[in-house]
Amino acid sequence: MNRRPLVVDIKRYCFHDGPGIRSVVFFKGCPLRCIFCHNPEAQEMRPEMAFFVDRCIKCGACVKACQHDALNLAVPGRISRDKCNLCGKCAEVCPTDALRLIGKYYSVESLSDILIRDFDYYRHSGGGVTISGGECTLFPNYLSKLLNNLKNRGIHIVLETSGYFDYGAFQSKILPYLDLIYYDIKLADNETHQRYCGKPNTIILENFRRLITEREVEVHPRVPLAPGITDTEENLSAIARLLRKYGVKRVWPVPYNPLGLVKFQTLGRPAPKIQPTFMKQEQEQKVLEILKVKHP
């Protein structure tokens, strides 16, 4: 797929998406529709307007700036999305950032320049750049050029993926530049994966098998936790058996984050009906015990 990629956010000075100090780029667009997604603003490839009600002071600047009568202070969500053309003028004049246009295009050169600014931090901390999403592998041609620029500077590169990608394009255009892959395996059962993530998991599991058996780059499998969905003993045990089959010694559980529910609302979408609070300590401990039993 060769579409013009949009970036949701660039987070600098991060410590949780790979070793050392890192810059993380979140690309917009994902083939999956996980109901427990904590970055729903990165699902669609197109730009989106988000409204944060807690920041709105009802000053009316956005209403005056909009030329399409798409804003109304009396409406809870403020935006008539069928009228909005995503010009972003309302967000430009909003004094509190209650309105935000999500999705910005950067040329390969401009994004490279931003990421290379922190080269000294990467070098001294053993850090680098992490490419994430959404699903960043949707843009192999763009990533190939971007990662080549970074690798020419000796920058350590991590890629975070759902595993739903074309392996041929990934192998030829992205894989040669990677030092580490964080690979999400959410659900082992195909039908359950289809139900909760919107796609079957056959491509994901086959891509994982190839990455592990061909051993071209280090792969860290992760299990994003969603209460009652991915954290069940049945699912975790099945994933553990799969990993053991390929000789994988460790799996990284990703703590559940319910903050994505609020993000759905800012985008004018209904929030999925899942647990609205963080997992309790005993829930997380149960996960660790299951994985420990299956993966000593």
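Among the residues of region 7-18, which ones are in contact with an Asp or Glu (Cβ under 9 Å, 6 or more places away or on another chain) and in contact (Cβ under 8 Å) with a residue 24 or more places away in the chain? Residues satisfying the conditions are VAL8, ARG12, TYR13, ASP17, GLY18. Assess whether PHE52 counts as being within 29 Å of the chain's Cα centre (by Cα), among the aromatic types (Phe, Trp, Tyr) and more than 30 Å from GLY163 (Cα to Cα). Yes; evaluated as a whole, the condition is true for this residue. Here SER162 qualifies as within 17 Å of LEU225 (Cα to Cα), in contact with an Asp or Glu (Cβ under 7 Å, 6 or more places away or on another chain) and buried (at least 20 other Cβ atoms within 10 Å of the Cβ). Screening CYS90, CYS84 for residues that are part of a helix (DSSP H, G or I) and under 11 Å from MET49 (Cβ atoms) leaves exactly one candidate, CYS90. Taken together, the criteria exclude ASP113 from residues that are under 19 Å from the mean Cα position of the chain (by Cα), at pLDDT 95 or above and either farther than 18 Å from ARG3 by Cβ or not hydroxyl-bearing (Ser, Thr, Tyr) (or both). Within region 193-214, residues that are on the phi > 0 side of the Ramachandran plot have Cβ atoms under 7 Å from residues that are surrounded by 17 or more Cβ atoms within 10 Å (Cβ to Cβ) in these pairs: GLY198/LEU32, counting only partners at least 6 apart in sequence or on another chain. Checked against (1) of a type outside the set (Val, Ile, Thr); (2) surrounded by 17 or more Cβ atoms within 10 Å (Cβ to Cβ); (3) in a loop (DSSP other than H, G, I, E, B); (4) out of contact with any strand residue (DSSP E or B) (no Cβ under 8 Å at 6 or more places or on another chain), SER112 meets all criteria but (3).
Looking at ASP54, ASP9, ASP17, ASP69, just one residue is surrounded by fewer than 17 Cβ atoms within 10 Å (Cβ to Cβ) and closer than 27 Å to TYR196 by Cα, and that residue is ASP9. Annotation note: Cβ proximity below 7 Å between a residue of region 120-147 that is over 17 Å from ARG22 (Cα atoms) and a residue that is modelled with pLDDT under 95 and β-branched (Val, Ile, Thr) (sequence gap 6+ or interchain) occurs for no pair.
Scan region 224-241 and give yes if some residue there is modelled with pLDDT of 90 or more, acidic (Asp, Glu), within 30 Å of GLY168 (Cβ to Cβ) and out of contact with any Cys (no Cβ under 8 Å at 6 or more places or on another chain), otherwise no. Within region 224-241, none of the residues are modelled with pLDDT of 90 or more, acidic (Asp, Glu), within 30 Å of GLY168 (Cβ to Cβ) and out of contact with any Cys (no Cβ under 8 Å at 6 or more places or on another chain).
Residues satisfying the criterion are present in region 204-219 (criterion: in a loop (DSSP other than H, G, I, E, B), surrounded by 15 or more Cβ atoms within 10 Å (Cβ to Cβ), of a type in the set (Val, Ile, Thr) and in contact with a strand residue (DSSP E or B) (Cβ under 9 Å, 6 or more places away or on another chain)).
The values are calculated or read from the model by the stated rules, or taken from the named source; none is laboratory data. No experiment lies behind these values; they were computed from the predicted model shown. Virtual Cβ from ideal backbone geometry, glycine too; neighbours counted across all protein chains shown.
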